[in-house]
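The values are calculated or read from the model by the stated rules, or taken from the named source; none is laboratory data. What you see is a predicted model; the values in this text were computed from it and never measured. Quick reminder, even Gly has a Cβ in these numbers, built from the backbone with ideal geometry, and neighbours come from all protein chains shown. All accessible areas refer to the heavy atoms of the entire protein, side chains included, with ligands and DNA or RNA removed. Shrake-Rupley method; radii C 1.70, N 1.55, O 1.52, S 1.80 Å.
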Amino acid sequence: QVQLMESGGGLVQAGGSLRLSCAASGSTFSISIMGWYRQAPGKERELVATISSGGRTNYADSVKGRFTVSRDNAKNTVDLQMNSLKFEDTAVYYCNYKDPFGTRNYWGQGTQVTVSS
């Protein structure tokens, strides 16, 4: 099992910034994809950004140019720097940790990000 501990959510005004962090512990594996998804009220969970252990990144179109995902392989951590936040970024953000084949897939408990307009 892999446990994920998230931190960094909160309330911010539109145009502001927040940084989310997630640390993986337990039975972690050397090749993995870490990232962030979000779910707004009444909507399905959606991809925000992911990063592989090799550094390959993938972003949702809605956050490109505003959000940056990074990771520290030695510490099994992934961060999400969110700049120029918009009201529509309001959601619960979930950390995700999985192997490249998706056979092992773990989720954090989620952290609330609220952007006031």
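Of note:
- For the stretch 79-95, filtering for residues that are open to solvent by less than 40 Å² (accessible area, probe 1.4 Å) and assigned to a loop (DSSP other than H, G, I, E, B) leaves 2.
- Every residue from the stretch 1-15 that is surrounded by 15 or more Cβ atoms within 10 Å (Cβ to Cβ) and either touching a Gly at 6+ places or on another chain (Cβ under 6 Å) or not in a strand (DSSP E or B) (or both): VAL2, LEU4, GLU6, GLY8, GLY9
- Residue within the stretch 96-116 that is of a type in the set (Phe, Trp, Tyr) and surrounded by 21 or more Cβ atoms within 10 Å (Cβ to Cβ) present: yes
- No other residue among THR50, THR68 is of a type in the set (Val, Ile, Thr), free of Cβ contacts under 8 Å to residues at least 60 places away in the same chain and within 23 Å of PHE101 (Cα to Cα) apart from THR50.
- Qualifying residue in the stretch 50-67 (condition: hydrophobic (A, V, I, L, M, F, W, C) and under 15 Å from GLU6 (Cα atoms)): no
- Test: residue in the stretch 26-37 that is open to solvent by less than 60 Å² (accessible area, probe 1.4 Å), without any contact (Cβ under 8 Å) to a residue 60 or more places away in the chain and either among the charged types (D, E, K, R) or farther than 21 Å from THR90 by Cβ (or both): yes
- One residue from ASN58, ASN76 being open to solvent by 20 Å² or more (accessible area, probe 1.4 Å), out of contact with any Lys or Arg (no Cβ under 8 Å at 6 or more places or on another chain) and within 14 Å of TYR97 (Cβ to Cβ): ASN76
- Inside the stretch 96-108, residues that are of a type in the set (S, T, N, Q) and assigned to a strand (DSSP E or B) make up a count of 2.
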